[in-house]
1. Which peptide among 366-375, 131-140 comes first, and what is the full order, when sorted by highest mean count of other Cβ atoms within 10 Å?
2. Given Lys181/Lys264; Lys175/Lys198; Lys359/Lys387; Lys189/Lys371; Lys181/Lys359; Lys359/Lys404, which pairs have Cα atoms separated by over 27 Å?
3. Taking the Cα centre of each part, how many Å lie between the stretch 299-324 and the stretch 328-381?
4. Measure off, as a whole percent, the carbon and sulfur share of the 1.4 Å-probe accessible area of the stretch 236-329, all protein chains present.
5. Would you kindly find the accessible area of Glu224, with a 1.4 Å probe and non-protein molecules such as ligands, DNA and RNA excluded, rounding to the nearest 10 Å²?
6. Residue-wise, which Karplus ³J(HN,Hα) couplings in Hz belong to the stretch 47-64, taking 6.51 cos²θ - 1.76 cosθ + 1.60, θ = phi - 60°, and x for glycine or proline?
Amino acid sequence: MDDEYAKLIRRVNQPRVVIDNNSSEDATVIQVDSVNRHGILLEVVQVLTDMNLVITKAYISSDGGWFMDVFNVVDNDGNKIGDKEVIDYIQRRIETSAGFVPSRRGSVGVMPSEEHTSIELAGTDRPGLLSEVCAVLADLHCNVVNAEIWTHNARAAAVVHVTDDSTGCAINDPKRLSTIKELLYNVLKGSDELKTAKTMLSAPGVMHRERRLHQIMFADRDYERVERAGVRAVEDGSSRPQVSLLNIEKDYTVITMRSKDRPKLLFDIVCTLTDMQYVVFHGMVNTGRMEAYQEFYIRHVDGLPISSEAERVRVIQCLEAAIERRASEGLMLELCTEDRLGLLSDITRIFRENSLCIKRALISTKGGKAKDTFYVTDVTGNPVDPKIIDSIRRQIGQSALQVKHNSNLTPKPPHQETTMGYFFGNLFKARTFQNFKLVRSYS
C-alpha cells in the first residue's frame, strides 16, 4: 500500500527538469524540482556523472517534502552542453530517475543483465594481486569484458564482469560458478590472517558499479587507518581532504569539506552519505581550478543530527575515505588494442614482473577492442622509473600502451581561505530555507 501511494503521489507531481544555457556565462544550468524521497539526490547526481558531466556548482534544498536542486555543469573540455539531443537526453534521464519509485522490498540500483556474470571481490591489497586474479579467470576461460578496481588504505575491491569465452554469454552453471568463487577466494585470502577475503557472484543482475565499490570498501572498513612498513605514506596533511562537522542547535549537522577537485567527487560523497543513512537537506558545492569546497546540512534518516563523538569521528573517516578511494594516484597508462581471452592476465603479469603496483584500474571492451586505464606506482608507492615504462611499452607495443599523465607530479593546490561557510551559516540563522531561491538565482 505504501508503494502504491508513493507511485500515485509521483504521478500527480511529475518531476520538472529545466536546462538553461543563458543564465550562466560558463556553464549549463540544470534545475530539478520533484517530490522528495531518500536517495533522490544520489540518483540525479549519478545521472549527471554517468554522462561524464562535470558539476562545477550545486545548490541543494530538500526541506518540506520537495526536492529543489540546481547544478552548473560542463563537459570534459569545460564547455557548456550545446547539443540539443544531448540536452533532451539529460532531461529524460533525470525525469525518469527522479520519478521512479523503487519497491521497498527491492534493492536500489539493481538492473537485470543476462549478458555477463558479475564478480565482486574484496581483500587485502598487495603487489600482483590483480595479476593473480586475472590469471585465474583466464585459466577458467572467463573473458573479462568490464571491470573496475579500487585500492585504498591497504584494501582492494573490484567489480568484474565476465562472460563464458565459448558462448560470449553469462556463466550460469552452478558447479562452474562455485569453482570460480573458490579459486578467487584462495587468491584473495593469500597469507592474510587478519582480514577476511570476500567473493560474491551474481549472474542475473548487478548494482551500479561505482556505488557498489563504495559499499564493498565501506563494509570492509577501509576508512580505518593502517600503517604498513616500507610503503610511502599518502596521508600527507597538506594533500588529504579536510572534513569538519558542526551541530547547529538541534536541527542539523553541518559538514564542510575541502579537497582537491576531480571528476565524480560529488557522486562519491553523496553516495557515502546515502548509504550511511544520512539525508542532505541543504547544501552547496563550489569548485575552483584545483580545489572543491562542499557544505551540507544533514540529519540521519530518523530525523536527528549526529549526536555522539564516536559517530562524528566515523562520519569524518568515511567521507575522507570516499574522497580518497578514486583519487588518481600514480602514473596513468592507457591500453588500446584488440581484445582476446587472457589479454588482461598478460598485461597485468608484465606489470607485476616489472614491479609495478596497480592502484586503480578501469577495464572496458567494445566492438572487439579493449580500452583499459591503469594508475600505477612502484611497490613502495613512489613514482615509476621512466626507463621501466619504456621497457614495458616495448613489450606490449608502443602504440598499444600510452602514457597519459603522472598525478604524482601534479602541484598541490594552494590553501585558500573562504567565506562560504560563514555565508551559509548566516543563511541558516533563520532556521528556514525560504530565501534559498535568492541564492540559486545567482547561479
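The values are calculated or read from the model by the stated rules, or taken from the named source; none is laboratory data. Source: prediction; values computed, not measured. Neighbour counts run over all protein chains shown; Cβ positions are idealised from the backbone, glycine included. Heavy atoms of the whole protein, side chains included, go into the accessibility calculation; ligands, DNA and RNA do not. Shrake-Rupley method; radii C 1.70, N 1.55, O 1.52, S 1.80 Å.
1. 131-140, 366-375
2. Over 27 Å Cα-Cα: Lys181/Lys264; Lys189/Lys371.
3. 35
4. 52
5. Counting only protein heavy atoms, the figure is 70 Å².
6. Per residue, the Karplus-derived 3J(HN,Hα) values read 4, 5, 6, 5, 8, 6, 8, 9, 8, 8, 8, 7, 10, 10, 8, 9, 7, x Hz.
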